[in-house]
Amino acid sequence: MGRRRGRPWESTLLCVIKALQGLHILVELQNDIYIRGLLDDCDDAMNVTVKDASLEDVEGRVKKLPLVFVRGSNIRFVHIPESLNVSDAVEEMRLLQDKVALAYTGGKGGPSSKGGEPSTAGSAEV
């Protein structure tokens with residue numbers, strides 16, 4: 001049985017979190033802190049970056065921060081907006097990832113520029 005190729009996050013709930021990029025979310029941490037803001041990035045370890053964040057602690061104090069990085073192991077829950085159709089969002093993320101992969105490989109299964117050849121990007125022929 002061979003090793004599965006492709007994007008490993010597609011078979012986990014991480015694909016849902018990645019599909020939330022660009023949306024306002026609520027992240028609940030293990031230490032009962034809530035972070036609300038715009039999900040900027042999410043990596044394969046579920047580390048997230050939240051822009052324009054407001055942090056609310058157990059006592060109800062709120063602190064505004066322009067950017068917050070949260071380690072994935074500190075996340076208890078990521079609340080998904082009710083207005084989001086999860087299956088459509090995940091499918092859009094898959095299609096976007098496929099476009100990126102195709103652009104990177106040039107449709108040939110490897111990087112689009114051949115090794116050893118000088119790049120002609122941005123140059124003009126005279």
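The values are calculated or read from the model by the stated rules, or taken from the named source; none is laboratory data. These figures come from a predicted structure and were not determined experimentally. All Cβ positions, even for glycine, are placed from backbone atoms using ideal geometry, and neighbour counts span all protein chains on display.
Worth a mention:
- Val90 of a type in the set (A, V, I, L, M, F, W, C), outside any strand (DSSP E or B) and within 14 Å of the chain's Cα centre (by Cα): yes
- Residues within the range 14-46 that are surrounded by 13 or more Cβ atoms within 10 Å (Cβ to Cβ), at pLDDT 95 or above and either aromatic (Phe, Trp, Tyr) or not in a strand (DSSP E or B) (or both), tallied: 2
- In the range 79-107, the residues that are farther than 22 Å from Val27 by Cα form no Cβ pair under 9 Å with any partner that is outside any helix (DSSP H, G or I) and among the aliphatic types (A, V, I, L, M), whether six or more places apart or across chains.
- Residue that is surrounded by the fewest Cβ atoms within 10 Å (Cβ to Cβ), among those in the range 47-73 that are of a type in the set (S, T, N, Q) and part of a strand (DSSP E or B): Ser54
- Among the residues of the range 25-44, not one is small (Gly, Ala, Ser) and under 14 Å from Arg76 (Cα atoms).
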